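Down below is the structure, laid out as structure tokens.
The values are calculated or read from the model by the stated rules, or taken from the named source; none is laboratory data. Keep in mind that this is a model prediction, so the values were computed, not measured. So basically every Cβ, Gly included, is an ideal-geometry build from the backbone, and we count neighbours across all protein chains shown. Note: areas computed on protein heavy atoms with side chains; ligands, DNA, RNA excluded. Shrake-Rupley method; radii C 1.70, N 1.55, O 1.52, S 1.80 Å.
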Amino acid sequence: MIKRQRDYPLSALILEALLRRLPPDHEKKKWIEKDLQKIVVGFRGEQSLDYYLNFLEHDTYLIFHDVRLPIHNHHFQMDSLIISSHFIFILEIKNLYGKITFDPQFNQLIRDYNDVKEVFPDPVIQVENHKQQLRKWLHQYNFTVPIYTSVVISNPKTIIQANTTNQDYLQKIIRSTNIVSTITKTAKKHPNPVLSDKDLRKITRLVLKQHAHLHKNELKKYQLTEEELLRGVRCPKCDHIPLTKKGKLWICCKCSYQGTDAIIHSLFDYYLIVRPTITNAQLRKFFELSSTSISAKLLSSLKLPRTGSTKNIQHHLSRDYFESKIR
């Protein structure tokens, strides 16, 4: 049933790594912590919806979470994509506290919480845009399928209002508890399948193959430079920086950690914050290694994919690589 699990947000991993690598008294840390909290709250809201999706018929629906697909020269991202042989459903999930007001006249969502008002883009329009992009994506492979959308409010305590009486618009806004009934009602409108089992297998392969993580350079967003980051190998147990190297072991003077995998955790920080490739010179500089031979041996032991000539070899880093190494 679930063809793609919901990942912990890459954007959250990036901000967590950034917080680890900034000095304790850095002026930007509070800003980053606030942004991280928003991302994690949103993710928890998406997770809470998954409980209700489990009530769907397992043999009928294919579910893909957190999917980002290419179309022409850009990508579009969907919180949850539900595919059956009869129709497709796209879900845009919002976990917002307080009172929210949908305002389609001005294409906005207003949140009122603790006497503070915030304005967000209208999620109904967002998910409708995703629908158009998905339709184009499917059309590339000669698939024509009815597509439906819903904005799901995952926080049960959120007060929902709307500055419109347009029923077509209002019916696209639901709570998590209504997701199964909404999809079931839609299924009754489409008794005849439009996709074969072979079609479903092909779409599944295409979605999984073409999904691409969005890797943002948050240094630019927060107006930070690489020079402001703490350099050295980080302790995977207590986050102390730097560790000292003794033979093949990395040793922490703060918590007495001794191990060989600290470089993997630290290199993951580099991938998240700085760039998805690294050279011998960049490794030596960022982790303050004493010699080219030490950094060369480390890179060789990691068995990373690489490109380039002898003097300019680029070692390619990826989330999948690190998640296979870090448990």
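Of note:
- Hey, residue 247 exposed (fewer than 13 other Cβ atoms within 10 Å of the Cβ) and either at pLDDT below 95 or out of contact with any Leu (no Cβ under 6 Å at 6 or more places or on another chain) (or both) or not: yes
- Some residue of the range 163-175 being farther than 22 Å from residue 103 by Cα and modelled with pLDDT of 95 or more: no
- Verdict on residue 35 being part of a helix (DSSP H, G or I), in contact with a Leu (Cβ under 8 Å, 6 or more places away or on another chain) and of a type outside the set (S, T, N, Q): yes
- Considering residues of the range 184-196 that are in a helix (DSSP H, G or I) and within 10 Å of residue 87 (Cα to Cα) only, the residue most open to solvent (accessible area, probe 1.4 Å): 189
- Top-ranked residue in the range 144-163 [being part of a loop (DSSP other than H, G, I, E, B) and over 23 Å from residue 52 (Cα atoms); ranked as most open to solvent (accessible area, probe 1.4 Å)]: 144
- Number of positions in the range 45-75 that are under 25 Å from residue 139 (Cα atoms), out of contact with any strand residue (DSSP E or B) (no Cβ under 6 Å at 6 or more places or on another chain), open to solvent by 10 Å² or more (accessible area, probe 1.4 Å) and among the hydrophobic types (A, V, I, L, M, F, W, C): 0
- Close contacts from the range 223-240, counting a first residue that is within 10 Å of residue 18 (Cα to Cα) and modelled with pLDDT of 95 or more and a second that is open to solvent by 40 Å² or more (accessible area, probe 1.4 Å) and not in a helix (DSSP H, G or I), with Cβ to Cβ under 9 Å and a gap of 6+ residues or different chains, come to 230/242.
- Of the residues making up the range 258-274, those that are of a type in the set (A, V, I, L, M), in a helix (DSSP H, G or I) and in contact with a helix residue (DSSP H, G or I) (Cβ under 7 Å, 6 or more places away or on another chain) are 263, 264, 272, 273.
- Test: residue 103 is touching a residue at least 12 places away in the same chain (Cβ under 8 Å) and either open to solvent by 40 Å² or more (accessible area, probe 1.4 Å) or touching a helix residue (DSSP H, G or I) at 6+ places or on another chain (Cβ under 7 Å) (or both): no
- Residue 290 satisfies every condition listed in (1) closer than 26 Å to residue 8 by Cα; (2) part of a loop (DSSP other than H, G, I, E, B); (3) of a type in the set (Gly, Ala, Ser) except (1).
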